[in-house]
Amino acid sequence: MNPDHFRNVVWKPALKRAELEYRPPIQTRKTFATMMLSEGEDIRWVQNMLGHSSLQMIYTRYYAWIPKKTRKDGSAFMEAWNRKLRGHPAAQLEKLGEEKYLFDENSTKMTHHKKRTHNGDL
């Protein structure tokens, strides 16, 4: 079966019967890729399913559909850093009610924090 035969004998009648506007058959491949990536499927799995020899093609064509795991660039690192810092012995100052230094999760600058009491006062 050649592509023209498939398009004219199978594809176009199927779209007409489904009451869908014409779209080229390749669109199903692109739809598959964007749906899989936007739902978080493994990029390498999608690469293999599409038959691409490298990830470059996936990144070039479908980068916008790859979900971002963070809200802002760098925020995942900053959150992890703060979690680690809170567990570090130097961060135990917070338990004593003293001032401490932590990285602000919304910036890359070191910020100065005081422990708040249960009513919100410094």
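The values are calculated or read from the model by the stated rules, or taken from the named source; none is laboratory data. For clarity, every value in this text was computed on a predicted model and none was experimentally measured. Positions of Cβ are backbone-derived with ideal geometry, glycine not excepted, and every protein chain shown enters the neighbour counts.
In this structure, M35 does not qualify as of a type in the set (A, V, I, L, M) and either surrounded by 13 or more Cβ atoms within 10 Å (Cβ to Cβ) or at pLDDT below 90 (or both). Screening the stretch 48-82 for residues that are surrounded by fewer than 11 Cβ atoms within 10 Å (Cβ to Cβ) and among the charged types (D, E, K, R) and picking the one that is modelled with the highest pLDDT gives K68.
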